[in-house]
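J.: Before anything else, here's the structure in question.
The values are calculated or read from the model by the stated rules, or taken from the named source; none is laboratory data. None of these values were measured; they are calculated from a predicted model. Glycine gets a Cβ as well: all are built from the backbone with ideal geometry, and neighbour counts include every protein chain shown. We work out accessible area using only protein heavy atoms, side chains counted, and drop any ligands, DNA or RNA first. Shrake-Rupley method; radii C 1.70, N 1.55, O 1.52, S 1.80 Å.
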Amino acid sequence: MSDLVAEEFGQDVPNPAWRLRALAQGHPSRAIALLPPEIRASGAYLRQSRFYRRRAYYNRMLYAALHNKISQKLWLDRVCPQASPPMTHYVVGERLVQIGGRELPFRTRAEVPALLQPGRSIFVKPADAGQGAGAFHLAADGDAVRINGEPADRAGFGRWLAGQPLAFTISDVIDQSGWSCRIFPGAVSTVRIMTATSFVDRRAVVLGAVFKCATSRSAPTDNFQSARGGTTSSIDLDTGKVGPCVSFDEDRFERVLADRHPETGVVVAGETLPHWRLLRDTIAGLAAILPCAGVAGWDVALRDNGITVVEINTLPGLNVLQSAVPLLDTDAKRAILSEMRMI
């Protein structure tokens, strides 16, 4: 409840009635305003405070097993290598470790700049953070380095490197598909697909899927951040058809729909997502063999020749899904969420 109160009073609302409703329903005002009108009117949506409370309990083993990005990489390398993220190294303390390599003795954190070769960008992210926190795109630029597009000399890069967490991952930048690059080339846009895996029989249910469009506000990631970053668009689970971009009008405090990307103007609504059946079936299959049951949010990038699981969110949020799609519209969804006492 304290998280709800902090979030609610950290935002402006049109009038006090919004706050009273948010506190009574356990769902922040901004999240209510972002709901599709029919879902908001029916009340058939997951309440954030209840969902987060149950998520913390039912996902505790899944969180312990796969929250760390290194653990995710090693698990996916074993069970689905064709969709595993292109993580090449990780840093722990002062050691730089090559994944799958046999470099002995271990290299040091200070040698990270050696990975920045001309024409090769890398992506750095904390090993145990989520929601795009602390993510950086690095590229060599002559004698300097560009950090999220901003130049830094070697001394500045050294200071930046010293300020990074004790454990972080280093990956090659995913070469996203021409389809998603055309929509927004400045960052990798991904599909967020949420699954629930039963504690009773390990059946896996796909709860919903959205296409997260990156924007200049969200770059170098595509995080929705309650419509403070990128946009979110519904995906029909049967056909892969993509809906309009959902964003938020701060002045009018209301949900906004647009058929086109807000910056590039490329049409999104009505498009059919490439590789949709492969993506849906692959993630449903992976959800069924997770080492622990629970609710997971999978961020999946589209490539021209397949898909890449960028990240498994073991404490997934609600807004990016519920702002675009229903999560309680089928018996299968309601049954598995009832099992976890989320409804």
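J.: Add +1 for every Lys or Arg and -1 for every Asp or Glu among the other residues with Cβ under 13 Å from the Cβ of residue 239, and state the total.
T.: Values: positive: 241, 277, 280; negative: 236, 238, 271.
After counting each charged neighbour, the total is 0.
J.: Can you give the helix-only mean residue ellipticity at 222 nm for the chain, where every DSSP H stretch with n ≥ 4 adds -39500 (n - 2.57) and the sum goes over all residues, rounded to the nearest 500 deg cm²/dmol? Intermediate values should be presented prior to the final figure.
T.: Numbers: 12 runs with 99 residues, N = 343.
Here the helix-only value at 222 nm equals -8000 deg cm²/dmol.
J.: On to the next question. How would you order 321-327, 302-308 from highest to lowest mean count of nearby Cβ atoms within 10 Å?
T.: Numbers: 321-327: 24.3, 302-308: 17.6.
Top to bottom by mean Cβ count within 10 Å: 321-327, 302-308.
J.: Compute the Cα gyration tensor for segment 241-343, then decide on rounded, prolate or oblate, letting a ≥ b ≥ c be the square roots of its eigenvalues: rounded whenever a/c is under 1.5, prolate when a/b is larger than b/c in the other cases, and oblate in all that remain. Please list the in-between numbers first.
T.: Numbers: a/c = 2.09, a/b = 1.27, b/c = 1.64.
Oblate.
J.: Carbon and sulfur: what percent of the chain's accessible surface (1.4 Å probe)?
T.: Numbers: 7980 of 15110 Å².
Result for the chain: 53 percent of the exposed heavy-atom area is carbon or sulfur.
J.: Here's something else I'd like to know. Using only Cα atoms, locate the centre of segment 221-263 and the centre of segment 265-343, then give the distance between them in Å, rounded to an integer.
T.: Between the Cα centre of segment 221-263 and that of segment 265-343, the gap is 16 Å.
J.: Next question. Return the equivalent ellipsoid semi-axes of segment 53-208 as a descending list in whole Å, where each equals the square root of 5 times an eigenvalue of the C-alpha gyration tensor.
T.: Working: eigenvalues 189, 80, 45 Å².
Semi-axes (√(5λ), whole Å): 31, 20, 15.
J.: Sticking with this structure for a sec: Run through segment 229-302 and list the GluC sites (Glu not before Pro) located in a DSSP loop whose Cβ has at most 16 other Cβ atoms within 10 Å. Don't skip to the answer; put the middle values down first.
T.: On the way: sites: 250, 254, 263, 271; in loops: 250, 263, 271.
Answer by residue number: 250, 263.
J.: Could you list the chymotrypsin sites (Phe, Trp or Tyr not before Pro) in segment 171-239 that lie in coil according to DSSP, counting only those with at most 16 other Cβ atoms within 10 Å of their Cβ?
T.: Numbers: sites: 179, 199, 211, 224; in loops: 199, 224.
Filter output for segment 171-239: 199.
J.: Give me D for the chain in µm² s⁻¹, whole number, from Stokes-Einstein with Rh from the Kirkwood sum over alpha-carbon pairs, 25 °C and 0.890 mPa s. Show your work: numbers first, answer last.
T.: Working: Rh = 21.0 Å.
Stokes-Einstein gives a translational diffusion coefficient of 117 µm²/s.
J.: When ligands, DNA and RNA are left out and all protein chains stay put, how many square angstrom of accessible area per residue does the chain have with a 1.4 Å probe?
T.: On the way: 15110 Å² over 343 residues.
I get 44 Å² per residue for this part.
J.: How large, in Å, is segment 1-70 by the Kirkwood hydrodynamic radius built from its alpha-carbon pairs? Spell out each step's value before the answer.
T.: Working: mean 1/r = 0.0738 Å⁻¹.
So the Kirkwood estimate lands at 13.5 Å.
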